[in-house]
Amino acid sequence: MSYKDQRRFNVDRKTQVIAIINQKGGVGKSTTAINLSAALSENKRKVLLVDFDPQGNATSGYGIDKETIDSDIYDVLINESPIEDAICDTCEKNVFIVPATVELSGAEIELVNEENRESKLKEIIDQVKDEFDYVFIDCPPSLGILSIDAFMAADSVIIPIQCEYYALEGVTKLMESIKMVKENLNPDLEIFGVLMTMYDSRTTLSKQVVEEVRKCFGNKVFKTMIPRSVKVAEAPSYGLPITQYARITKGSLAYMRLAKEVTRRG
Ligand code: ATP
Ligand code: MG
């Protein structure tokens, strides 16, 4: 049954709106948005994934054909299309997605002169969030207006950090942005967790990076680390989360462990 056809109920738990953000490209934001949503869905959590990146990687990673989308996040944001019309079903029973296409790249410019530009996404998400346990916002690799909107709409952020040289490069800038947002726009914004991605247990580099990040973020760093895995990288080309594409693999099991850790945190 499609989202529009079903009777919709509010969930019992308090909804967590979480932006998955790091302005550094290719650190595993979209991969985490897709696979954490799927793993939470298996824990009977209902998830709305808002693709807020013009690259639309979360959208295609769930096998949604961008050519067939009636309404996307751009239409909701700029053309005042109802959010309900943009919510798509996915191959996961409890995961719904608001897709994005390259059209969204125009939104940054179109929002420049809007008075309430920082709160547009928040207003949209607030209309439906009570129906979901988690709302994830997959952010673009930049700290422009779209990311500010995501910071405003979110209760907290998950920061994926890739286990590689210069892992913390840019994180200082990200923390400064979060501080600025807390001071001026959203005082309640918190760090939900920091996630180490593409971890390779065979290298000392990975271990060193984790140590360095733990020094910086302490127990905000999730115990679960996502290993580097070819299967994880392949899954989006089949339009499936790793939990469906290759269930009993280290990448899939890691995302399932992460989901448990996330539910324990709130
Ligand atoms: P962008 O900043 O461009 O939005 P991103 O932060 O969303 O990127 P992803 O698209 O999730 O990052 O991942 C970047 C690349 O790394 C992709 O090709 C993805 O398949 C691959 N990748 C992500 N996680 C893993 C992993 N655990 N093991 C192997 N490859 C991975
Ligand atoms: Mg991405």
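Scanning segment 227-248 finds no residues that are surrounded by fewer than 18 Cβ atoms within 10 Å (Cβ to Cβ) and touching a Pro at 6+ places or on another chain (Cβ under 9 Å).
Taking the conditions exactly as written (in contact with a helix residue (DSSP H, G or I) (Cβ under 8 Å, 6 or more places away or on another chain), loosely packed, with under 14 Cβ neighbours inside 10 Å, free of Cβ contacts under 8 Å to residues at least 60 places away in the same chain and within 22 Å of residue 254 (Cβ to Cβ)), does residue 223 satisfy them or not? So residue 223 fits the description; yes.
The number of residues in segment 220-230 being more than 8 Å from ligand 1 (Cβ to nearest atom) and within 21 Å of residue 201 (Cβ to Cβ) comes to 5. For segment 80-100, the set of residues classified as among the small types (Gly, Ala, Ser) and either farther than 20 Å from residue 126 by Cβ or more than 16 Å from the chain's Cα centre (by Cα) (or both) consists of 81, 86, listed by residue number.
Taking segment 131-142 as the range and being within 16 Å of ligand 2 (Cβ to nearest atom), crowded, with 21+ Cβ neighbours inside 10 Å and not acidic (Asp, Glu) as the test, the residues that pass are 136, 137, 139, 140. Of the candidates 230, 171, the single residue that is β-branched (Val, Ile, Thr) and modelled with pLDDT under 95 is 171. Filtering 31, 59, 101 for residues that are polar (S, T, N, Q) and more than 23 Å from residue 229 (Cα to Cα) leaves a single hit, 101. Residues considered: 237, 206, 229. Of these, the only one that is within 16 Å of ligand 2 (Cβ to nearest atom), within 21 Å of residue 25 (Cα to Cα) and without any contact (Cβ under 8 Å) to a residue 60 or more places away in the chain is 237.
The values are calculated or read from the model by the stated rules, or taken from the named source; none is laboratory data. Predicted model, so just to flag it, every value in this text is computed and none were measured. In this analysis, Cβ positions are derived from the backbone assuming ideal geometry, glycine residues included, and neighbour counts consider all displayed protein chains.
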